[in-house]
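Structure, as structure tokens:
The values are calculated or read from the model by the stated rules, or taken from the named source; none is laboratory data. Values in this document were obtained by computation on a predicted structure and should not be read as measured data. Ideal geometry is used to build each Cβ from the backbone, glycine not excepted, and the neighbour counts take in all protein chains shown. Protein only, heavy atoms only, side chains kept; ligands, DNA and RNA dropped before computing areas. Shrake-Rupley method; radii C 1.70, N 1.55, O 1.52, S 1.80 Å.
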Amino acid sequence: MIETILGRRSVREAFAERAVPEEVVRSIVSCGLAAPSSKNAQPWRLHVVTDRAILGHLARTVEQAKNAARYVPLDPATGEPRRWTSTVAESAHVLGHVPLAIFIENRGEFSSGRTTVAAATGDVLRSALVGYGFEMIGLGACIQTMWLAAEHHGLHGVFMGDPLIAEDEIRSTLGTDNDFAGVLCLGYADGGVPPKEYVDDLVVWHRPDETA
Ligand SMILES: Cc1cc2nc3c(=O)[nH]c(=O)nc-3n(C[C@H](O)[C@H](O)[C@H](O)COP(=O)(O)O)c2cc1C
């Protein structure tokens with residue numbers, strides 16, 4: 001398990017045409033459903049898409065979305081774009097070339113979704129953001145669990161938030177009014193991406209004082 005965790009990297013290219021067997025997909029999905037979530041609310045609904053026509057349609061919609069070239073996180077204090085450049089075109093390409101994509105819907109029991117949160121103010125907004133954050137943490141656990149399960153089965157891929165630029169089309173294609181957290185794209189590919197270095201200064205140790 002440790003090897004799988006430390007070896008996992010985002011893979012975005014060279015996916016084989018080969019379909020993912022149904023029992024493998026089911027195994028991955030059941031691992032996602034086993035993830036922890038605040039209050040055990042299980043804020044996810046998983047849309048498992050293996051239909052290449054749907055993936056091709058959504059990939060084109062993402063690629064052609066308005067402002068695709070400028071889709072980067074904004075600074076909420078200024079409304080100005082943050083330092084990153086848009087990766088929407090690359091993400092659309094991935095979506096159009098994988099045999100399996102799992103779209104993660106947020107059922108939003110705590111937050112009722114982004115639009116509701118955005119309409120709140122003051123202390124209600126602050127509290128709603130905590131609930132929304134907890135939902136996202138649960139969804140993140142679900143996503144990572146599926147990703148690691150997929151690696152265990154010899155699959156590689158990447159989780160992507162960029163496709164949310166076309167979230168309305170994703171909603172209507174997949175048949176829900178709820179928000180999405182993103183999409184986990186998976187397939188058979190040469191992993192080939194080296195493991196990351198452990199970054200020691202991102203960990204702070206608070207050990208017992210051994211001199212006391
Ligand atoms: C919330 C989130 C959103 C992401 N969105 C995208 C995306 O839209 N497109 C993409 O190619 N990668 C996306 N990624 C993958 C990250 O770029 C990747 O995890 C990061 O660069 C670290 O590389 P690694 O996964 O190989 O460790 C996303 C990852 C996370 C956790």
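Between the beta carbons of residue 109 and residue 153, assuming R0 = 25 Å, the FRET efficiency works out to 0.25 to the nearest 0.05. Accessible area per residue for the chain is 60 Å², calculated with a 1.4 Å probe on protein heavy atoms, without ligands, DNA or RNA.
For residue 211, the accessible surface of its heavy atoms amounts to roughly 130 Å² (probe 1.4 Å, protein chains only, rounded to the nearest 10). Shown are 198, 71, whose ranking by accessible area with a 1.4 Å probe and every protein chain present, most to least, is 198, 71. When the helices of the chain are scored as -39500 (n - 2.57) per DSSP H run of n ≥ 4 and the total is divided over every residue, the value at 222 nm lands at -12000 deg cm²/dmol. For the set 75, 51, 123, the ranking by accessible area, highest first and with no ligand, DNA or RNA atoms included, is 123, 51, 75 under a 1.4 Å probe. For residue 153, the solvent-accessible surface computed with a 1.4 Å probe is close to 60 Å², ligands and nucleic acids excluded. For the chain, the Cβ-based charge dipole about the Cα centre amounts to some 300 debye (Lys, Arg positive; Asp, Glu negative; other atoms uncharged). Ligands, DNA and RNA left out, the accessible area of region 2-191 computed with a 1.4 Å probe is 54% carbon and sulfur. In plain terms, the chain from residue 54 to residue 123 could stretch by 20.7 nm, reckoned as 0.36 nm per residue minus the Cα-Cα distance. Which trypsin sites (Lys or Arg not before Pro) in region 108-212 sit in a loop by DSSP (not H, G, I, E or B) and have at most 14 other Cβ atoms within 10 Å of their own Cβ? Within region 108-212, the qualifying trypsin sites (Lys or Arg not before Pro) (loop, at most 14 other Cβ atoms within 10 Å) are 196. For the chain, averaging the sequence separation of C-alpha pairs within contact (under 8 Å, six or more residues apart) and dividing by the residue count gives a relative contact order of 34 percent.
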